[in-house]
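Colleague: Here you go, one structure.
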Amino acid sequence: MLNKLLPRVILPKIVKDLNTSLVLIIIGSRRTGKTSLLYLIRDLLIQEKGIQPENILYYDLENEIIRQDFQVQDFDLIAKNLLVKVNTKKRLFVLLDEIQYLDNPAGLLKYISDHYKQLKFIVSGSSSLKIKEKFSDSMVGRKKVFQLHPLSFKEFLEFKQKQKYLKLLPKIDLIHLNVKKFELLPSCEKEIQRLFLEFLIYGGYPEVVLASDKQEKKEILSEIYTSYLQKDINYLFDIDNVEKFNKLAQLFASQIGGLVNFSELANTLGSARATIDRYSFLQENTFLLEFLRPFSSNIRKELTKMPKVFFEDTGLRNAIINNFSFEELRTDIGALVENFVYSEIRKNYNLPLYFWRTKSKSEIDFVLKLPEELLPIEVKYQDLKMPKIPLGLKSFIEEYQPPKILIITKDLFAKKKFSKNTLVYWLPIYTIFG
């Protein structure tokens, strides 16, 4: 089983902390591959670190019978029951899946990590809200959190065994945006665009990517969303009206990349504003979607306080509205591409991200806050014949004088000086995140 598991780009980051005393916490939505990642860690510990298999214990806490063993109030008893399973004084690695189901995981892990240095915990959780609630400040300095997203486009190509295309594409780093002209064979470019469209429609959940049949992909996505409603929402948060919660998700799915007016949503659904705020908060903190806030350094000119909404996975978004049209001419293709860019930036860069909009309605899709500068990013998924700078970017240049600007296109590659201080890149979308 372990040999069939495909690696994730987050794995090397976790490996760096395997020898520390920190409790490692992996969070992410259901079915992103957290359990597989725990098995990959187990595999790595055995094959590369020389850890004996009996010194690695795995427990699925979604199983109520197993969970009972970790719910007792005597933490010493839990630790001793773990240690008695091995006949050595070497380190014991304990992998706990779905940690949010425990009543007091922070108390348990804090006590054991403080008093039983032989035990190293690596745990996973599907709800960032429950993790925050149950870990609070008591684990400060004792834990490190990693978020596992659905597959990035790079991982998608690897899972599809299309690594050859990764070698053809330039490796572009948005922090040091500097790339020379390149060309692909027409056949390669056509196949990459087809794969990109598949990723856009069905998303990056590992099971979905590996499914060979389109109908099977749809059924898996539907089951993931149903499981999310039943297990993460109904069970963990005791939502009084799951139907209305689902309708709100459908409304958000219908307006990805658009501004969110919570008061209008409340009126549309016939709900109190407080209910909509709570449901939205839960949807964001259970990894269904995220709200992108506006960038502002001049409040007189840069108006809106309303966020934009994006889904973590475009496939799940399409499942919620039941639209799996595989046509580039579908009416929401621009919004899907914008959502793709948002999620890929989130997966690849741990940097502040915003959008920009002024009172005069000048707008830029994204503003990435780099360590020493701002990088405005505009998405133009169109058949552009020649480079053209949108008015919103010109307004941003006048206000902030950024050294670089990125315009993400369907297939246009170009580079042009806009002023003596600003260089503009037009890059095909499939080159950005390969």
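Colleague: Determine the pairs where a residue that is farther than 20 Å from Glu328 by Cβ, located within region 169-191, has a partner that is open to solvent by 30 Å² or more (accessible area, probe 1.4 Å) and part of a loop (DSSP other than H, G, I, E, B) with Cβ atoms under 6 Å apart, the partner being 6 or more residues away or on another chain.
Modeller: Pairs that qualify, where the first residue is farther than 20 Å from Glu328 by Cβ and the partner is open to solvent by 30 Å² or more (accessible area, probe 1.4 Å) and part of a loop (DSSP other than H, G, I, E, B), are Pro170/Phe182.
Colleague: Go through region 137-157 and give me each residue that's charged (D, E, K, R) and either modelled with pLDDT of 95 or more or open to solvent by less than 10 Å² (accessible area, probe 1.4 Å) (or both).
Modeller: As a first pass, look at region 137-157 and keep what is charged (D, E, K, R): 137, 142-144, 154-155.
Answer for region 137-157, where residues must be charged (D, E, K, R) and either modelled with pLDDT of 95 or more or open to solvent by less than 10 Å² (accessible area, probe 1.4 Å) (or both): just Glu155.
Colleague: Which one of these does Thr32 not meet: (1) open to solvent by less than 10 Å² (accessible area, probe 1.4 Å); (2) among the β-branched types (Val, Ile, Thr); (3) without any contact (Cβ under 8 Å) to a residue 40 or more places away in the chain?
Modeller: Here Thr32 meets the rest and fails (3).
Colleague: Taking the stated definitions as given, is Phe287 at pLDDT below 95, assigned to a loop (DSSP other than H, G, I, E, B) and aromatic (Phe, Trp, Tyr)? Write out each step before concluding.
Modeller: Details: at pLDDT below 95: yes; assigned to a loop (DSSP other than H, G, I, E, B): yes; aromatic (Phe, Trp, Tyr): yes.
Taking the combined requirement at face value, the residue satisfies it.
Colleague: Would you call Ser271 buried (at least 17 other Cβ atoms within 10 Å of the Cβ), farther than 29 Å from Glu98 by Cβ and over 25 Å from the mean Cα position of the chain (by Cα)? Step through it out loud before you land on a result.
Modeller: Details: buried (at least 17 other Cβ atoms within 10 Å of the Cβ): yes; farther than 29 Å from Glu98 by Cβ: yes; over 25 Å from the mean Cα position of the chain (by Cα): yes.
When the stated conditions are applied, Ser271 passes them.
Colleague: Also, I was wondering about something else. Name the residue, out of Glu399, Glu372, Glu338, that is modelled with pLDDT of 95 or more and either open to solvent by 60 Å² or more (accessible area, probe 1.4 Å) or in a helix (DSSP H, G or I) (or both).
Modeller: Glu338
Colleague: In the list Ala253, Ala249, which residue meets the criterion of being touching a Lys or Arg at 6+ places or on another chain (Cβ under 6 Å) and either open to solvent by 10 Å² or more (accessible area, probe 1.4 Å) or at pLDDT 95 or above (or both)?
Modeller: On the way: Ala249 fails: touching a Lys or Arg at 6+ places or on another chain (Cβ under 6 Å).
Unique residue meeting the criteria: Ala253.
Colleague: Report whether or not Lys85 is open to solvent by 10 Å² or more (accessible area, probe 1.4 Å), in contact with a helix residue (DSSP H, G or I) (Cβ under 7 Å, 6 or more places away or on another chain) and either farther than 25 Å from Val145 by Cα or not acidic (Asp, Glu) (or both).
Modeller: Numbers: open to solvent by 10 Å² or more (accessible area, probe 1.4 Å): yes; in contact with a helix residue (DSSP H, G or I) (Cβ under 7 Å, 6 or more places away or on another chain): no; either farther than 25 Å from Val145 by Cα or not acidic (Asp, Glu) (or both): yes.
Spelling it out, it is not the case that Lys85 is open to solvent by 10 Å² or more (accessible area, probe 1.4 Å), in contact with a helix residue (DSSP H, G or I) (Cβ under 7 Å, 6 or more places away or on another chain) and either farther than 25 Å from Val145 by Cα or not acidic (Asp, Glu) (or both).
Colleague: To continue, here is another question. Between Ser222, Ser271, Ser227, Ser254, which is free of Cβ contacts under 8 Å to residues at least 40 places away in the same chain and either polar (S, T, N, Q) or under 30 Å from Glu327 (Cα atoms) (or both)? It would help to see each step written out before you state the result.
Modeller: On the way: Ser222 fails: free of Cβ contacts under 8 Å to residues at least 40 places away in the same chain; Ser227 fails: free of Cβ contacts under 8 Å to residues at least 40 places away in the same chain; Ser254 fails: free of Cβ contacts under 8 Å to residues at least 40 places away in the same chain.
Exactly one residue qualifies, and that residue is Ser271.
The values are calculated or read from the model by the stated rules, or taken from the named source; none is laboratory data. Source: prediction; values computed, not measured. Cβ atoms come from the backbone with ideal geometry, glycine included; neighbour counts cover every protein chain shown. All accessible areas refer to the heavy atoms of the entire protein, side chains included, with ligands and DNA or RNA removed. Shrake-Rupley method; radii C 1.70, N 1.55, O 1.52, S 1.80 Å.
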